[in-house]
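Here the structure is laid out as structure tokens; the discussion comes afterwards.
The values are calculated or read from the model by the stated rules, or taken from the named source; none is laboratory data. Please read these numbers as outputs of a predicted model, since none were measured by experiment. Note that each Cβ is placed from the backbone with ideal geometry, even for glycine, and that neighbours are counted across all protein chains shown. In case anyone asks, the SASA skips ligands and DNA or RNA and just uses the protein heavy atoms, side chains included. Shrake-Rupley method; radii C 1.70, N 1.55, O 1.52, S 1.80 Å.
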Amino acid sequence: MGATDETAVSQSRRRLIVLTGPTAAGKGTVEGILREKHPHIWLSVSATTRAPRPGEFNGIHYWFLDEEEFERRKRNGEFLETALVHGMAHYGTLLQPVLDHLTQDIPTLLEIDLQGARRVKQEAARLGLEVVYVFIAPPSFEELKRRLIGRGTETPEQQAKRLETAKVEIAAAKEFDVVIVNDNAERAADELWNVIASEYDL
Ligand code: 5GP
């Protein structure tokens, strides 16, 4: 990290919002509502080695990279955090765009998995980043299972892996500053907005 970046971070007074939650807890829906109501929020575009789903576009939903390119960027120190998610694909947050948005006082949100949130915790102090950790929880494990199977975007094998991960993630909710139960996506989005609004004096 160069001197310019360090200056940029130390000048930033705002806290980065890190959003985590198990698969099918409805993070995507909550974020969608939030960003529709408050389009000035910036959601970091992660890099991933997984294949795009129908309707997903490079640079909008993710930066879709092959393993080699992902590794190259990792070696180059371009990521704030990376994780192998569901044992299947690599995901990572690119650091520079996050710093750029924070220093412009733009509400900055990361939507990452539990491992990623823990890595941010380790890195934040070193980088001089202040962070609010928010956990989106499903109303129950049964409801999460119903949503995951209902959306039908994963194979049964992928669903089983995601459910295993979800159990571990739900147990980690206590590590977070704020826990939002997504029993109703509109209400959960409002609750998340309140967190952001108080951090950014909005
Ligand atoms: P999906 O493949 O369904 O888009 O995402 C799978 C999981 O990867 C989700 O739990 C999501 O939060 C997580 N994820 C997405 N981007 C990142 C990232 O940049 N870093 C980490 N650690 N997890 C991510």
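ASP183 versus (1) modelled with pLDDT of 95 or more; (2) surrounded by fewer than 14 Cβ atoms within 10 Å (Cβ to Cβ); (3) not in a helix (DSSP H, G or I): which is the lone unmet condition?
Going through the list (1) modelled with pLDDT of 95 or more; (2) surrounded by fewer than 14 Cβ atoms within 10 Å (Cβ to Cβ); (3) not in a helix (DSSP H, G or I), ASP183 breaks only (1).
Kindly provide the set of residues from segment 41-52 that are more than 8 Å from the ligand (Cβ to nearest atom) and either charged (D, E, K, R) or out of contact with any helix residue (DSSP H, G or I) (no Cβ under 7 Å at 6 or more places or on another chain) (or both), ordered by number.
Of everything in segment 41-52, those that are more than 8 Å from the ligand (Cβ to nearest atom) and either charged (D, E, K, R) or out of contact with any helix residue (DSSP H, G or I) (no Cβ under 7 Å at 6 or more places or on another chain) (or both) turn out to be VAL45, ALA51, PRO52.
Determine whether ALA117 is within 12 Å of the ligand (Cβ to nearest atom), open to solvent by less than 50 Å² (accessible area, probe 1.4 Å) and at pLDDT 95 or above.
yes
Name every residue in segment 57-83 that is open to solvent by 40 Å² or more (accessible area, probe 1.4 Å) and either near the ligand (Cβ under 9 Å from one of its atoms) or in contact with a Lys or Arg (Cβ under 6 Å, 6 or more places away or on another chain) (or both), in order of residue number.
HIS61, TYR62
Mind listing just one residue for me: the one in segment 1-26 that is within 12 Å of the ligand (Cβ to nearest atom) and modelled with pLDDT of 90 or more and, of those, farthest from GLU130 (Cα to Cα)?
It comes out as GLY21.
Out of GLU169, GLU142, which single residue is closer than 17 Å to VAL30 by Cβ and acidic (Asp, Glu)?
Checking each option against the conditions leaves just GLU169.
Restricting attention to segment 84-110, report how many residues are open to solvent by 30 Å² or more (accessible area, probe 1.4 Å) and over 25 Å from LYS161 (Cα atoms).
Within segment 84-110, residues that are open to solvent by 30 Å² or more (accessible area, probe 1.4 Å) and over 25 Å from LYS161 (Cα atoms) number 8.
What helices (runs of 4 or more DSSP H), lying completely within segment 66-178, carry at least 1 residues that are under 13 Å from the mean Cα position of the chain (by Cα) and hydrophobic (A, V, I, L, M, F, W, C)?
Ranges flagged: 95-103, 114-127.
Among the numbered conditions (1) over 26 Å from ARG15 (Cα atoms); (2) without any contact (Cβ under 8 Å) to a residue 60 or more places away in the chain; (3) open to solvent by 80 Å² or more (accessible area, probe 1.4 Å), tell me where GLY150 comes up short.
With (1) over 26 Å from ARG15 (Cα atoms); (2) without any contact (Cβ under 8 Å) to a residue 60 or more places away in the chain; (3) open to solvent by 80 Å² or more (accessible area, probe 1.4 Å) applied to GLY150, the lone miss is (3).
Does ALA171 count as at pLDDT 90 or above and either closer than 21 Å to GLY87 by Cα or touching a strand residue (DSSP E or B) at 6+ places or on another chain (Cβ under 6 Å) (or both)?
yes
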